[in-house]
Amino acid sequence: MEDVAGLPGELIGRLIDTLDAPAPQLRAFATTLLIRALELPLGQGSLVDELIGSDRAAALIDREEAAQARARLREGLAIALDDLAAKHGEMNVVRVMRDHLVTQVQAWASRAVDDVDNRRRAERFLAWAERPDQLRAAQRRGLFAGMDAGDLRRLAENQVRGPVTPETAVGLWSEVERWLGQVDASLGDPVLDAWQRHGGTRT
């Protein structure tokens with residue numbers, strides 16, 4: 001568990017810090033989740049624009065502008081979270097947002113793995129469709145009875161829902177596991193309790 005000082009805004013800062021840790025795909029997803037949860041604008045000139053302007057690709061083009069966009073993003077999130085904390089308590093707000101982010105990120109990663117499994121099945125269906133001898137051999141074993149190559153192609157098409165690769169899923173889950181560990185170390189319940197014990201007042 002990381003040390004806490006019990007200062008106002010400390011938990012909010014820690015929550016925002018967790019968004020800077022993950023790889024770009026996870027950072028974008030988790031940050032957008034928080035922006036939506038705070039009911040902040042999503043259109044032109046919104047914090048989503050600052051998110052895009054502060055990503056790694058933007059930093060390669062203009063490091064200084066990307067850093068400024070990151071600062072504006074953090075400031076906008078901090079202001080919105082601080083407003084909520086004034087009404088509902090900092091610890092309560094941070095706990096709710098933390099749990100929301102964790103739940104949604106886990107569900108997102110699970111969907112990615114499901115998509116990969118579907119894609120692998122689709123690739124096998126297409127392989128059988130392109131190799132009539134293999135299809136006939138599979139049918140002799142009781143698979144795909146009554147189906148022809150066209151049926152398998154249609155089945156494969158129905159299995160594919162997005163450009164997800166197995167490598168993407170493996171990398172994504174690894175990053176999610178690292179991020180979950182960081183969230184727990186920085187904002188787990190023991191940390192929140194310690195913040196309150198050390199004088200955190202907006203609880």
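The values are calculated or read from the model by the stated rules, or taken from the named source; none is laboratory data. As the structure is a prediction and not an experimental result, all values here were calculated from the model. A quick note on method: Cβ atoms are made from the backbone with ideal geometry, for glycine too, and the neighbour counts reach across all protein chains shown. Ligands, DNA and RNA are stripped out before the accessible areas are found, and what is left, the full protein with its side chains, is counted by its heavy atoms. Shrake-Rupley method; radii C 1.70, N 1.55, O 1.52, S 1.80 Å.
Okay, residues lined up against (1) at pLDDT 65 or above; (2) open to solvent by 70 Å² or more (accessible area, probe 1.4 Å); (3) within 29 Å of the chain's Cα centre (by Cα); (4) farther than 29 Å from ALA107 by Cα:
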position: ARG136; (1), (2), (3), (4): yes, yes, no, yes
position: PHE144; (1), (2), (3), (4): no, no, no, yes
position: MET147; (1), (2), (3), (4): yes, no, no, yes
position: PRO166; (1), (2), (3), (4): no, no, yes, no
position: GLY181; (1), (2), (3), (4): yes, no, yes, no
position: GLN196; (1), (2), (3), (4): yes, yes, yes, yes
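Are any of the residues in region 71-82 closer than 27 Å to TRP108 by Cα and touching a Phe, Trp or Tyr at 6+ places or on another chain (Cβ under 7 Å)? No, region 71-82 has no match at all. Among the residues of region 44-57, those that are more than 21 Å from ASP83 (Cα to Cα) and open to solvent by 20 Å² or more (accessible area, probe 1.4 Å) comprise GLN44, ASP49, ILE52, GLY53, ASP55, ARG56, ALA57.
Identify all residues within region 86-122 that are at pLDDT 80 or above and touching a Pro at 6+ places or on another chain (Cβ under 8 Å); write none if there are none. Hit for region 86-122 is GLU90, nothing else.
Per-residue answers, yes or no, for (1) among the β-branched types (Val, Ile, Thr); (2) under 16 Å from GLN104 (Cα atoms); (3) outside any helix (DSSP H, G or I):
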| site | (1), (2), (3) |
| --- | --- |
| VAL4 | yes, no, yes |
| GLY13 | no, no, no |
| ARG27 | no, yes, no |
| THR32 | yes, yes, no |
| ILE52 | yes, no, no |
| ALA58 | no, no, no |
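Among the residues of region 61-78, just one is acidic (Asp, Glu) and either at pLDDT below 90 or touching an Asp or Glu at 6+ places or on another chain (Cβ under 6 Å) (or both), namely ASP62. For region 58-92, the set of residues classified as out of contact with any helix residue (DSSP H, G or I) (no Cβ under 7 Å at 6 or more places or on another chain), surrounded by 15 or more Cβ atoms within 10 Å (Cβ to Cβ) and farther than 16 Å from THR18 by Cα consists of ALA80, GLY89, ASN92, listed by residue number. Filtering region 5-37 to residues that are open to solvent by 40 Å² or more (accessible area, probe 1.4 Å) and in contact with a Ser or Thr (Cβ under 7 Å, 6 or more places away or on another chain) leaves PRO8, ASP17.
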